[in-house]
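Just so it is clear, none of the values below were taken in a lab; they were calculated from the coordinates. Owing to the predicted nature of the structure, the values given are computational and were not obtained by experimental measurement. Here the Cβ is made from the backbone with ideal geometry for all residues, glycine too, and neighbour counts use every protein chain on show.
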Amino acid sequence: MQLQQMQDQISRQQGIIEELQNDVSRMKQENLERYQDLDRRIGTGTPAPATPDNSSTGGANSAATGAAAGTNAAQPPAANSEPGDPAKEKLYYDAAFDQIKQKDFDKASQAFNAFLRKYPNSQYAGNAQYWLGEVNLAKGDLQAAGQAFAKVSQQYPQHSKVPDSLYKLADVERRLGHTDKVKGILQQVVTQYPGTSAAQLAQRDLQKL
């Protein structure tokens, strides 16, 4: 009887171990998929110039948007900007994004700011501006996050990240207590970028207001 109880206990423990192993495997797979998604966003493996996304509604899904696309509005180069070098720009951009993966948001913020000063007209500039907003939001710096998100639509109005950045801006304004601004921004996303994931989320939030 004791032997049977021990065997039953061992069987239960083995079952628990198998469940834990399955959980670990699933977590590893989820992490892998997450990093693969991040890599797709920043255009890993494509250092050559990517085709800019000139559509006003293109690729606004924050989970699937390719981050290599980027169009800069007619902005004069900053005084300390460097001539365009796509390969070099991508190295700088990837280095900044690596700080996000490592969850070092202070360094990521510094790196994206430095990138934008150095390469304001880069094909990656719009994405850098967007991720600067995300980094500041992760740091809890709502004012800086709002400014960064707002600049995406102001400086890169044709960029595919504009719908996402506006939706994030609405979220920042909500956290700051500026509820009067939130509705207007969400309605702008729904009206100007129909069919995007940002518009779907904005529509859902409007229904809750």
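General remarks:
- Protection proxy ranking, highest mean first, for peptides 107-119, 2-14, 193-205, 161-173: 161-173, 107-119, 193-205, 2-14, where packing is the per-residue count of other beta-carbon atoms within 10 Å, averaged.
- When the C-alpha to C-alpha distance is required to be over 21 Å, the pairs from LYS107/LYS139; LYS118/LYS151; LYS88/LYS168 that qualify are LYS88/LYS168.
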